[in-house]
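Have a look at the structure below, then the notes.
Bear in mind these aren't lab numbers, they're just calculated from the coordinates by the rules spelled out. Since we're looking at a predicted model, the values are computed, not measured. Glycine also receives a Cβ, built like all others from the backbone with ideal geometry; neighbour counts cover every protein chain displayed.
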Amino acid sequence: MVSLAGVGYDIHRFTLAERPLILGGVNVPCEMGLDGHSDADVLCHAIADALLGAAGLEDIGFWFPPGDPDCKGICSLKIVSKAVALIRERGGKIINVDSTVIAEAPKIKPYLEPMKEALALALGISKNRVGIKATTNEMMGAVGRKEGIAAMAVAMIMLPEEIDVM
């Protein structure tokens, strides 16, 4: 087995529509939700892309195209689960995930434990192997102006050495 790391990033703008804000599979009370074809969960999207990147696979846009009506409104925990399934199909396993949510608002600290639990379940790992941090953009740029939320993630996986990831 060989250890591989991947990095993921996602950003979505807020929408004025009556839409829930979902982060890490958890409904976070907020006046606005995020705009997107799926549930627009930036945290799940960043984590899924980190996993797929570690395995040398195409990004989530390949597996869940924005124009695909079957993906409309999909729960992003399913996107994470698909990334995990693709890794497991190749004989791999998830070691850990570390992530950062970048937002001026809302404050997500009260929701970190439920997010870790939801993500750990989707990832098939212990919640002590799921890191989620929150920070602001110090009022700079689009995120700093409260126009949206971004997330970054790093994932570590193990794959059999005979699997060519490049």
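All other residues with a Cβ under 14 Å from the Cβ of Asp59 taken together, and with Lys, Arg as +1 and Asp, Glu as -1, what is their net charge?
-2
Size of the range 1-91 along its principal axes in angstrom, Cα-based, largest extent first?
Result for the range 1-91: principal-axis Cα extents of 46, 24, 17 Å.
List the trypsin sites (Lys or Arg not before Pro) within the range 1-89 that fall in a DSSP loop (any state other than H, G, I, E or B) and whose Cβ has at most 13 other Cβ atoms within 10 Å.
When the trypsin sites (Lys or Arg not before Pro) of the range 1-89 are filtered for loop state and at most 13 Cβ neighbours within 10 Å, Lys72 remain.
If I model the chain as equal point scatterers sitting on the Cα atoms and use the Debye formula, what is log10 I(q)/I(0) at q = 0.09, 0.12, 0.16 Å⁻¹?
-0.28, -0.49, -0.85
Check each of the GluC sites (Glu not before Pro) in the range 2-103 and keep only those in coil by DSSP with at most 13 other C-beta atoms within 10 angstrom; list them in order.
Glu18, Glu31, Glu58
Mind checking the full-extension length gain between Glu147 and Lys93? Use 0.36 nm per residue of separation minus the Cα-Cα distance, one decimal, nm.
15.8 nm
Label Asn137 and Glu18 with points 7 Å out from Cα along Cα→Cβ: what is the distance between them in nm?
2.9
Relative to the first principal axis of the alpha-carbon coordinates of the chain, what is the inclination of helix 42-54, with its axis defined by its Cα atoms, in degrees from 0 to 90 and to the nearest 10?
Result, in degrees: 20.
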